[in-house]
Amino acid sequence: MVELGPLLFILAFFLGASFGSFACAAASRTEAGVKWWGRERSRCDGCGAVLAPRDLVPVLSFLALRGRCRFCGARIPLRCPASELACGLLCALFLWRFGASYSFIFSSASLPFLAFHTITDTETGYIYDSWAFATAGAGLLLRLAGGFSAVLDGAAGAAAGFAFIYAIIFLSRGRMGTGDAVLMIGIGAFMGLKLTAAALYTGFMAGGVTALVLLAAKKVTRKSAVPLGPFLCAGCAAAMLFGGKFTEYLGLTVPWPWTV
Ligand SMILES: [Zn+2]
């Protein structure tokens, strides 16, 4: 790994933060049923004022405005700065893990998708199929750089991820939505077969532990659903960071692009 200056990490942070910002805007607009591309401008949820570029700098604008709208003083929902911060930190971690390499670009490119699904599933309990398929499309497209075997590995990951969740849905007789299965098509395409398994394992562990803690704290009841999507996305990010090392530890070969 090459020696990287702090400046590169700051750049990576803001690259990730803008991915998080884009994902949050796209998620808000998709949930509201408006176009997320084109000339649609970002507005304050409270007063509808069109936001200026200086109000849209990831993380920094939120801090400068102390979390309130410049025009009406309404609280800015925490989800956008949270998404920006999480994606920024992950992007910097990917740079730390992979150095300035294609693996860094590959893993960072998943962030807007992971953030999008995390936001919509947390807020509405809904995974948008079109976005899950877009995630898969992006993953497979980026895998072209690794050749045919890399694309095949992505397709295998997508199929395995979908089949695994679908089997659980079938066995649990529909207590889980098909959204999570479709989400795994997207995650699997990025991860490839081995790291899809790592992502599923980490996601289910994190989701299970969180559900137990929430049950113990009586924040949820046995019947209320804890969305699984955000945990699958978190598992995916964790597997990108550490899955390759874990695969190596198990004595297995690490597939492209997770070799470092
Ligand atoms: Zn306002």
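The values are calculated or read from the model by the stated rules, or taken from the named source; none is laboratory data. What you see is a predicted model, and the numbers here were worked out from it, not measured in a lab. Virtual Cβ from ideal backbone geometry, glycine too; neighbours counted across all protein chains shown. Note: areas computed on protein heavy atoms with side chains; ligands, DNA, RNA excluded. Shrake-Rupley method; radii C 1.70, N 1.55, O 1.52, S 1.80 Å.
List of remarks:
- Note on region 102-123: residues that are open to solvent by 20 Å² or more (accessible area, probe 1.4 Å) and at pLDDT 95 or above amount to 6.
- Residues of region 63-80 that are more than 16 Å from residue 42 (Cα to Cα) and more than 14 Å from the ligand (Cβ to nearest atom): 63, 64.
- Scanning region 126-136 for residues that are part of a helix (DSSP H, G or I), among the charged types (D, E, K, R) and within 16 Å of the ligand (Cβ to nearest atom) turns up nothing.
- Single condition residue 218 does not satisfy, out of (1) within 28 Å of residue 142 (Cα to Cα); (2) surrounded by fewer than 18 Cβ atoms within 10 Å (Cβ to Cβ); (3) charged (D, E, K, R): (1)
- For region 90-106, the condition of being in a helix (DSSP H, G or I) and more than 30 Å from residue 191 (Cβ to Cβ) holds for none of the residues.
- Complete set of residues in region 151-184 that are in contact (Cβ under 8 Å) with a residue 40 or more places away in the chain, buried (at least 19 other Cβ atoms within 10 Å of the Cβ) and more than 14 Å from residue 117 (Cβ to Cβ): 153
- Residue 187 of a type in the set (Val, Ile, Thr), modelled with pLDDT of 95 or more, open to solvent by less than 30 Å² (accessible area, probe 1.4 Å) and not in a loop (DSSP other than H, G, I, E, B): yes
Let's see how each residue does on (1) in a loop (DSSP other than H, G, I, E, B); (2) within 19 Å of the chain's Cα centre (by Cα):
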residue: 9; (1), (2): no, no
residue: 31; (1), (2): no, yes
residue: 36; (1), (2): yes, yes
residue: 48; (1), (2): yes, no
residue: 72; (1), (2): yes, no
residue: 80; (1), (2): no, yes
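- Residue 47 vs. criteria open to solvent by 60 Å² or more (accessible area, probe 1.4 Å) and near the ligand (Cβ under 10 Å from one of its atoms): yes
- Considering (1) closer than 20 Å to residue 41 by Cα; (2) more than 16 Å from the chain's Cα centre (by Cα); (3) more than 16 Å from the ligand (Cβ to nearest atom), the lone condition that residue 143 does not fulfil carries the number (1).
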